[in-house]
Every structure is written in C-alpha cells, then in structure tokens.
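Here the structure comes first, spelled out in structure tokens, and everything after it is commentary.
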Amino acid sequence: MDSHQVIEASARFAQDEEQQLIAQAKAGDQQAFYQLYELHHKRVYGLCWRMLADKSSAEDVCQEVFVQVWQKLSSFQGNSKFSTWLHSVASNIVLSHLRKHKNWLQRVFSIEDQVVEEAGEEMAEVSELDKHIMRLPERARLVFVLFAVEGYRHEEISKMLNMAVGSSKSQYHRAKTLLKEWIEEE
Amino acid sequence: MMTMSDEQLQHRVAQLNKEISPSRDLWQGIEKAIHQQDEQSSSVKKAVVPMAWAASVVAAVLLTWMNLGPANNGNQELGLIAAINQDFNAQKQLMLTSFGTPDLTQLPADMQAELAKLAKARTSIAAALENDENNTDLIELLQWTQQQELDLIKRLYTPQWQTI
C-alpha cells in the first residue's frame with residue numbers, strides 16, 4: 001500500500017466514523033454530538049470570527065450554530081458532505097445575526113462601508129492577513145471571506161447577501177485592492 | 001515599490017489557518033442549551049396532550065351547541081367578540097414580536113398541528129358566539145382557548161438558552 005492509498009483509506013475511515021457519529025447524534029446521543037463538535041468547532045469558529053470580525057460575537061454565534069445544528073440534524077440527508085452543510089448553516093446564522101444586530105447608526109449612515117481600524121487587534125496570535133481582513137468594510141469582508149476563504153461562488157454569495165452578482169464581484173475586487181494596499185504597507 | 005499580484009494574495013489566503021480556537025469553552029453553553037431545549041420540548045409535548053384533548057372537547061361542545069343551541073337573537077354582542085379577538089391578536093402579535101417574529105411554519109409538524117387545532121377551536125367558538133352572543137360560557141371558552149394558544153407560543157419560543 002503506497003502513501004496515497006494510506007491517505008485515501010484513512011480519509012474514508014474518518015468519513016465512515018463521522019457518518020456513524022451523525023447517525024448516533026440524530027438518534028439523540030449527545031456524546032456523539034460532542035465528538036462532532038470537537039471535530040468541527042474550530043473551523044466553524046474561524047468562519048464566524050472572520051465574518052463577524054469580533055471575538056465575543058463569534059463565540060456566541062458559534063454556540064448558536066451548534067445548538068441549531070442539534071435541532072436541525074434530522075434534516076441533514078447526507079446529500080452533501082457534513083462539513084459543507086454545517087458551514088452553510090453557520091454562514092446563514094452569521095448573516096442573520098448581522099442583520100439582527102445592525103444598530104440604527106449603521107442603518108442610517110451606512111457605516112458598514114467604512115474601514116474598521118481597531119478590529120483584529122484583540123487577538124495577538126492571528127496572522128497579519130487576518131488582521132487586515134478584520135479591517136475590511138463589512139460587505140467587502142463578508143464577500144471576501146465567503147469567496148476567497150470559504151470557496152462560495154459569487155452567484156451563491158449574491159443570494160446569501162441579497163445583492164447583485166456584479167456587486168459581489170465589485171466588493172471582492174474592493175477587498176483585494178485594500179488588502180494588497182495594506183500588505184504592501186506592512 | 002513592488003505591487004502584489006492576485007496570485008500572491010491567493011497564496012497568502014491559502015496559507016490562512018482555517019481552524020481557530022475560541023478563547024473559552026463553548027461546549028458547556030451548548031450542552032446546557034440543548035439539554036434545556038430537550039426538556040422544554042418534552043414538557044411542551046406533555047402539555048400538548050391535554051391541550052389536544054381540550055381542543056377536541058371544545059370542538060365536540062361546539063358541535064352540540066350549534067345543533068341544539070338557541071336560535072340567533074341578533075348581533076348586539078358582535079362588538080364585544082370583535083374586541084376580544086382584537087385584544088388576542090394584539091397580544092399574540094406582541095408576543096411573536098418579542099420573540100423576534102419567528103416563522104411558525106418552521107416549527108415541528110406536531111407543534112404546528114397543535115397550534116392549528118387551537119386556532120380552529122377559537123374560530124369555531126367565535127362562529128358559535130355569532131349565534132348566541134350572550135352566552136358567557138362560550139365567551140369564557142373563547143378566552144380560555146386564546147390563552148392556551150398564547151401559552152403554547154410562549155412555551156415554544158421562550159429563549160431560555162440564549163443566556164449561555
């Protein structure tokens with residue numbers, strides 16, 4: 001058995017194990033659900049944190065994601081990978097959280113279009129690129145994270161963010177321009 | 001100054017660590033929340049059985065009443081019934097708004113069925129009152145049914161786990 005076959009076999013084993021955990025969790029086994037949480041929570045938290053640019057909100061939303069996943073687990077039919085389904089649930093909960101918590105100042109003055117100067121400073125261990133992503137204006141950041149980091153297509157992002165496909169592309173372009181500019185200034 | 005290319009930026013993005021550890025243990029809160037939800041769900045299910053029974057009794061009483069009850073004596077009390085219904089609708093709307101205007105169609109099918117039964121019972125009582133507007137028993141029954149509906153909504157959406 002060569003190294004490629006070993007990797008393939010271990011991936012298949014991990015997938016089978018995950019399927020088993022999902023089936024147990026669907027049947028109400030909280031211990032199995034905890035193991036699923038252990039496997040995925042850092043990835044989900046990373047997604048929440050990058051989209052929200054706020055540690056505390058990301059922690060709260062990450063909890064909400066897993067609570068809702070526990071409730072919705074029966075609707076997971078296994079047509080896609082569990083991680084794909086989980087990240088889709090997480091992205092939608094983050095966006096719903098942003099919509100609910102947008103304050104009146106943001107609504108009136110559209111301050112989500114402004115660059116955030118202080119974001120990302122609270123976590124010393126994060127990469128320089130992450131610190132720059134945190135500084136992006138909200139819409140540009142959301143599009144950039146969903147497209148470049150999470151691998152969504154602009155058509156999908158436009159539906160999620162309720163914007164035109166062209167707007168998603170232009171926000172992505174804006175994010176790239178700002179990030180390059182800031183990286184060059186490093 | 002050298003300008004960064006798209007490829008260089010993509011390369012840096014690809015190097016990002018997708019996994020980030022939260023600074024606190026999130027599982028404790030999640031476990032507490034799902035435990036509370038499971039308890040809440042089972043207590044709602046327990047409450048639903050007598051409620052379903054009550055709704056059936058209401059329907060049976062109404063059927064008898066509409067067949068054997070007194071003839072229509074006019075519409076003098078329609079104003080009162082309309083006011084009771086209006087008050088109930090306002091209370092229900094206020095309650096739903098306080099819970100973030102949840103989508104009731106997203107509730108589990110059995111909960112939706114219970115809410116539908118209560119709503120149907122409420123409508124039937126209101127219809128019966130049109131034929132017997134002075135019947136205080138029917139008015140009390142209407143108010144009791146409305147209260148059951150509000151209690152069920154409250155029980156379903158009270159955000160006990162949001163304090164995690």
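The values are calculated or read from the model by the stated rules, or taken from the named source; none is laboratory data. Just so we're clear, the structure is a prediction, and the values are computed from it rather than from any experiment. When we count neighbours, we look across all protein chains shown, and the Cβ atoms used for this are built from the backbone with ideal geometry, even at glycine. We work out accessible area using only protein heavy atoms, side chains counted, and drop any ligands, DNA or RNA first. Shrake-Rupley method; radii C 1.70, N 1.55, O 1.52, S 1.80 Å.
Could you check, for the range A:18-36, whether at least one of its residues is open to solvent by less than 50 Å² (accessible area, probe 1.4 Å) and farther than 23 Å from B:Q36 by Cα? Yes, the range A:18-36 has at least one match. In the range B:87-101, the residues that are on the phi > 0 side of the Ramachandran plot form no Cβ pair under 6 Å with any partner that is surrounded by 14 or more Cβ atoms within 10 Å (Cβ to Cβ) and assigned to a helix (DSSP H, G or I), whether six or more places apart or across chains.
The residues of the range A:160-177 that are farther than 15 Å from B:E7 by Cα and surrounded by 13 or more Cβ atoms within 10 Å (Cβ to Cβ), listed by number, are A:M160, A:L161, A:M163, A:V165, A:S167, A:S168, A:K169, A:S170, A:Q171, A:R174. When you look at A:H97, is it modelled with pLDDT under 90 and either within 13 Å of chain B (Cβ to nearest Cβ) or within 19 Å of B:L16 (Cβ to Cβ) (or both), yes or no? When the stated conditions are applied, A:H97 does not pass them. State the number of residues belonging to the range B:11-25 that are assigned to a helix (DSSP H, G or I) and more than 7 Å from chain A (Cβ to nearest Cβ). So the answer is 2. Kindly indicate the residue of the range A:49-84 that is within 17 Å of A:Q24 (Cβ to Cβ) and away from every other protein chain (no Cβ under 12 Å) and also surrounded by the fewest Cβ atoms within 10 Å (Cβ to Cβ) among those meeting that condition. Looking at the filtered set, the residue picked out is A:Q77.
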